[in-house]
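Before any comments, here is the structure.
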Amino acid sequence: MEQATPRDGQPMIVLEDVHKWFGRLHVLRGITLAIRAGEVIVVAGPSGSGKSTMIRCINRLEAHNKGRIVVDGIELTDDLRNIDAVRSEVGMVFQSFNLFPHLTALQNISLAPTQVRKWPHARAERIARELLARVGIPEKAGAYPAQLSGGQQQRVAIARALAMQPKIMLFDEPTSALDPEMIQEVLDVMKGLAKEMGMTMVVVTHEMGFAREVADRMVFMDEGVIIEEGTPEHFFTNPKEDRTKLFLSKILHQ
Amino acid sequence: MSRSSHAPPFWRNARALSIVAQALFVVLLVAGVWAAKVAVERSMVRQNIRLDWGFIRQPAGFQLTALTWTVDLDTFSLKQYSPEDSYAEAMVAGLFNTMKVALLGIALALLFGLIVGIARLSRNWLVNRLALIYVEVLRNTPLLVQLFFWYFVVFLQLPTGSPENPALTLFNNLLILTNRGLAIGGTLTERFGRQAVDGGYQMTSEFAALVIGLAVYTSAFIAEIIRGGILAVPRGQMEAARSVGMSYRGALQLIVLPQALRIIIPPLGNQCLNLTKNSSLAIGIGFADFLTSAMTVASQSFRALETFTFVTLAYLAMSLAISAVLNVIRARLALPGS
Amino acid sequence: MATRAVALPPPQERLTPLTWAQRNLFDGWLNAALTLGVAAVLGWFGAIVWRWALSAHWEIVTHNLRLWIVGLLPLAEIWRAWWAGGLMVAAAALTIVGARAGVRPRVLFGLWGGTILAVAWLFSPIRLDQIGGLYLTLLLAVVSISASFPIGVVMGMGRTSSLPVVRLFSTAYIEGIRGIPLITVLLWFSIFVSLLSGETMPRVARAMIGMTVFASAYVGEIMRAGIQSVGRGQVEAARAVGLSGWQTMAFIVLPQAFKNMIPALVGQFISLFKDTSLTVIIGLSDLLGIGRSLLALTEYLHDVREVYVFALVVFFIFSYVMSAGSRALERKLGLGER
C-alpha cells in the first residue's frame, strides 16, 4: 500500500496536469485542481467541456492518459489494488441513477457492503435502513426501482453510495434527468450531506441556486480546460473571464 | 507526497493481467486444437483413411438432371457440364443452381412478402386476418415439411400429360403445368403419345417446388418484418406530416416509408441470407444444388471429409459476402449523424 | 362555486353486426370489392379442401398412431412412454396453475427437476435408436437446447469480453456456425463421427451432437444480445460502488441478461423443434421420418396428401401453442413482479 500521507493540510484530491484523449479527441487538456477535505466543489460548463470525464477520472471509471491523480494519498495508476482502494473511498451518483432494477431499494444499498466489505447481512441491512431514513424514504425499503419516482430513485442511489462510507462523493449531473418538482428533494439531501456530514463533494450540475448556497468553490470548464475558479460570490457577481460571463448569461436568465 | 508511479507488480497491474490472461487462453486453445488434431490423425490411421485434396480434379463420372452450366476451371469460361468434367466443375455447376434458386426465390419472396405485409396492415378485417393465417401457418411449420408438401402434394400430383390426363393450361397456354415441370410461354405439342412442350422457359418440378416453397416460407417472415418496420416509425411522424397538410398517402410515401425502409433493410437482408442457406434443403427433394452435387461427389469419390470442408468454406464465403453487401447498404442508407 | 369533477363512464357504443361489418369489411368500394372477391376465392378453395378432408384415407394416421407417437419402440416398453408423457403433461398443467396462484419460482423449478429425473429414469433402459416419432422429435429438441445452453452462455460471454483474443475466438465460433446451413452441420457430424469412430455411435446420438453444436451458436448470439441489453450504466454503478468484475457479472449483469433473454430463448427452442425435421435426411425416424416410412408401404403408397397434411398440422399445433405460451410468459414477466 502506498505510504499514507498526513491528511491535515494536505488536499484530499489532487489533479496535476491531467490529460485524457478519446481516440483522437482531446477531452481533458491539462487539468490542475486541488480539493481539500470537507470542501464542496461545483463544476459548471457547457456540454462537451469535459466536466463529466474529469470526475469519472477521479474514481477511475475513465483512465487518464497523462498527468497525476492522487486521491486521499493514493495515486491512481494501473495498480489494481490502488484502484480498488480509491473506489472504496469514493462514492458516485449518476445522472441516470443506475439503480439495479432486479433488487429492492434495500438490497441495492446493502449489496456492496455485504459483498465487498464482507459485512454480515444484519449489519448491512441495519445501516441500509438508517441511510434510507437519512434520505427521507424509510418506507420504501422493499420497493423495486420501477415502483419509485425519479426523485426517490436518485435518493436511493445516494444512499447506495453512502453505504460504503466514502470520504468523497462525486455527483455527475444528479438532477438533470428529474422532473422539476422532484429536483428540490434531491438537492436537499445533498445539502444535508455537505452541511451536516462535512462530506468532500465534487458536483457537476446546472443548478446554480444549489451552487450559491452550498458550494465552497466553483470551477468553470470549457473545452477541456479550467477557465476560472473561485468562490460563488466571485463567480456570480464578478466573473473575470469572458467565456465565464457568456456561459453565466446563458443559464442564469431562467 | 506519494511515491511516483513505478510499475506495480504484474499480478496487480490491470493491463499486464489482461495480456497474461489472453496469452493463457491462446496457449490452452492451441493445446486443445493440437490434441484434437492428434486424436483425429490417429483415428484416421486406424481406419486407413488418408486425405487427398487433389481428387477434385478427377473426372466426375456422374450426371444429375439439373446440372447444366458450369465454369471450366482451366480457362474460366462458361461451358455445359458433362460427366467427363472434374468433381470441382460438378460442384460449381451445383453452385450455379444454388444461385439461380436463391435469386429467383428472393425475388418472389420479396414480392409475396410485400403483398402480405401490406395486407397485414389493412383495415379490412377479412384481408387482415387471412394474411395473419398465412403468416402463422408458414412460420409455425418446418420448412422441410413445407417443401415436401409442395413437391409431393402439389407439383407431383399435376396431370401427367397423357390423353386421359391432359396438362393443365392457364392464361391461354401461357402457363403449362404437368407433373414433370412447368413451362412459361411454350407451345403444346405431342410426342410419343403424350403431350410435351416446345420452347419457352421450362423448369423441372423439383426446381419449381424448391423455389416456390422457399419463396412462400420466407415471404411470411418478410411480411412481418415489413409490417414491423412500418409500425416502428413513431406515430409522431405521421401526425406531424398530416398537421402540415399532407394527405395520408403523401405522408406514407414521403415520410413514413423512407424511415421504415431503414428499419427494414437489415432484417430483410438477414432473411435473404436465410433463404440462401435454406436452399440446401434441395437435397431432400433431389434438386442438384450445391450441397446435393457435393454429396454426390462425396459418395462417388469416397472423399467425404475433403468435400465437406469445401462445402463448409463455400457456405461461409457466401454468408460473409452477403453480410458484407448488407453492411455497405446499411452504411449508405444511414442518416448523417446517426 | 366550484363543482367537483366526477369521473363518468364513457358513452356506450352499440356495435351491431351490421355496423361492424360496415366498418371493417365494406369501408369504401375498394374494401367492399376486396371482401367479396377474397370471400369468393376462400369459399371455393375451402369447399375443395373440406371435401377432400372428408373423403381422405385417414387410416394411415388412425391405424398407426403408436408409430407416429413413439416410433418403433418395442411394445413391451410402451408403458414407459405413456407414463413419461403423462408426467410431463401433469407437470405442465401444475406449472400453469401454480404460476397463476403465485407459487414461488423455486418450487416450480423443483417440480420440473423432479419430473425430468423421473422421465430419465423411465427411459434409462431404452436404447437411443429405439425411440422414434413425436417422442424422438421432442427428445432431440429438448436435449439440444439443454446441452447447447452452457456452451452458448460461455460463448456469449466470450463474445462480449474485453480481451480481444477471447472475443475473436468466440465471434469466429458463433458467426462460423451461424453462416452454414443446419443440414451441413448435421451431415458433417453424421459423416465425420462415423468415419472416425466407425459405426459405433447411434445415428440419433450423432444428430443430437450436431444439433447441439448448431444451437450453441444461436444461444451464444442470444446471450451476447442479453448481456448488451444491460446498460453500461449498470456496470459503471456496480464498479463505482466497489464490486469486482466477477461480482458485477454475477450479481448485476447476468441476472438482468437472463431475464431479457427468455423470449428469444423460447423462440430458439421452437425453431429447433421445427428444425428436428431435418434429421429425416440423415435417416432418423422422427415424426416426419415415420410418415415417409409409412408411405413406402404398398397399402399407403398414394396417401401422400394425408401424411404431409397431418405432419403440418401436428407441427403447427405444437409450435403455435408454444409461441402463445411464450407470449403469455413475456406479458407476465413484463409486469416485473417477483
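The values are calculated or read from the model by the stated rules, or taken from the named source; none is laboratory data. Values in this document were obtained by computation on a predicted structure and should not be read as measured data. As a convention, Cβ positions derive from the backbone with ideal geometry for all residues, glycine included, and neighbour counts pool all protein chains shown. All accessible areas refer to the heavy atoms of the entire protein, side chains included, with ligands and DNA or RNA removed. Shrake-Rupley method; radii C 1.70, N 1.55, O 1.52, S 1.80 Å.
Miscellaneous remarks
- Proximal charge balance of C:Ala238 [Cβ under 12 Å; K/R count +1, D/E count -1]: +3
- Backbone amide hydrogens, once placed in the peptide plane, bring A:Gly67 within less than 5 Å of A:His19, excluding anything fewer than 5 places away on its chain.
- Per-residue mean of C-beta atoms belonging to partner chains within 10 Å, peptide B:104-114: 0
- Residue-averaged [θ]222 nm for the protein assembly as shown, counting only DSSP H segments that reach four residues, each worth -39500 (n - 2.57): -19000 deg cm²/dmol
- Each pair of Cα atoms in the stretch A:63-204 enters the Kirkwood radius, and Stokes-Einstein at 10 °C and 1.306 mPa s then converts it into a translational diffusion coefficient of 101 µm²/s.
- Net charge over other residues, Cβ less than 12 angstrom from the Cβ of C:Leu34 (K, R count +1; D, E count -1): 0
- Across chain A, Cα pairs under 8 Å and at least six residues apart give a relative contact order of 25 percent.
- Prolate/oblate/rounded label for chain C (Cα gyration tensor, a/c 1.5): oblate
- With protein chains left intact and a 1.4 Å probe, residues in chain C average 55 Å² of accessible area per residue.
- Rounded to 5, the percent of DSSP beta bridges in the protein assembly as shown classed as antiparallel: 70
- The Rg/Rh ratio for the stretch B:122-213, using Cα coordinates for both the radius of gyration and the Kirkwood hydrodynamic radius, is 1.11.
- Using every pair of separate Cα atoms, the Kirkwood estimate puts the hydrodynamic radius of the stretch A:22-114 at 15.4 angstrom.
- Chymotrypsin sites (Phe, Trp or Tyr not before Pro) within the stretch B:251-338: DSSP coil, no more than 15 neighbouring Cβ in 10 Å: B:Phe302
- According to the Cα-based calculation, Rg over Rh for the stretch A:5-57 is 1.03, with Rh computed by the Kirkwood formula.
- Mean Cβ count within 10 Å, highest first, over the residues of peptides B:51-61, A:164-174, B:103-113: A:164-174, B:103-113, B:51-61
- Normalising the average separation of contacting C-alpha pairs (under 8 angstrom, six or more residues apart) by the number of residues puts the relative contact order of chain B at 18 percent.
- Longest DSSP-loop-exposure-free segment, GluC sites (Glu not before Pro), chain C, at most 13 other Cβ within 10 Å: C:14-198
- Within 10 Å of the Cβ of each residue in C:317-330, the mean number of Cβ atoms contributed by other protein chains is 1.
- Relative frequency of Cα-Cα separations exceeding 23 Å in the stretch C:236-329, percent: 52
- Expressed as a whole percent, the accessible surface of chain C that belongs to carbon and sulfur atoms is 70, based on a 1.4 Å probe.
- For chain B, the longest site-free run once GluC sites (Glu not before Pro) in DSSP loop states with at most 16 other Cβ atoms within 10 Å are removed: B:165-338
- Loop sites in the stretch A:148-254: GluC sites (Glu not before Pro), DSSP, at most 12 other Cβ within 10 Å: A:Glu241
- Angstrom value of the Kirkwood radius, inverse mean 1/r, which spans all Cα pairs in the stretch C:81-175: 16.2
- Counting every pair of alpha carbons in the stretch B:4-63, the share spaced more than 19 Å apart comes to 64 percent.
- Remark: C-alpha extents of the stretch C:211-257 on the principal axes read 42, 17, 12 Å, sorted largest to smallest.
- Interface C:B - total buried accessible surface [probe 1.4 Å, Å², rounded to 100]: 4300
- Its residues counted as N, the stretch C:58-103 yields a C-alpha radius of gyration over 2.2 N^0.38 Å of 1.61.
- Residue ranking by accessible heavy-atom surface, 1.4 Å probe, largest first, among B:Lys37, A:Lys20 comes out as B:Lys37, A:Lys20.
- Hydrodynamic radius of chain B per Kirkwood, over alpha carbon pairs, in Å: 24.7
- Peptide B:22-30 shows a mean partner chain C-beta count of 2 within 10 Å per residue C-beta.
- Across A:Lys140/A:Lys195; A:Lys51/A:Lys140; A:Lys51/A:Lys245; A:Lys191/A:Lys240; C:Lys259/C:Lys332; B:Lys37/C:Lys274, pairs whose alpha-carbon gap is larger than 23 Å: A:Lys140/A:Lys195; A:Lys51/A:Lys140; A:Lys191/A:Lys240; B:Lys37/C:Lys274
- About the Cα centre, charge dipole magnitude for the stretch C:1-145 (Lys/Arg +1, Asp/Glu -1 at Cβ), debye: 500
- Solvent-accessible surface ranking, highest first, for B:Ser122, C:Ser124 at 1.4 angstrom: C:Ser124, B:Ser122
- Over the stretch A:37-178, relative contact order from alpha-carbon pairs under 8 Å, at least 6 apart, %: 30
- Rg over Rh [alpha-carbon atoms, Kirkwood Rh] for the stretch B:202-336: 1.16
- D by Stokes-Einstein for the protein assembly as shown, Kirkwood Rh over Cα pairs, 10 °C, 1.306 mPa s: 47 µm²/s.
- Among A:Ser176, A:Ser47, A:Ser88: highest mean-square fluctuation, GNM of chain A, C-alpha pairs under 10 Å: A:Ser47
- Minimum 40 Å² accessible area buried by the other protein chains, the stretch C:140-182 residues, probe 1.4 Å, relative to alone: C:Leu163, C:Val165, C:Phe169, C:Gly179, C:Ile180, C:Pro181
- Two-decimal ratio, chain A, of alpha-carbon radius of gyration to 2.2 N^0.38 Å: 1.01
- Charge tally around C:Val219: other residues with Cβ under 15 Å, Lys/Arg +1 each, Asp/Glu -1 each, net 0.
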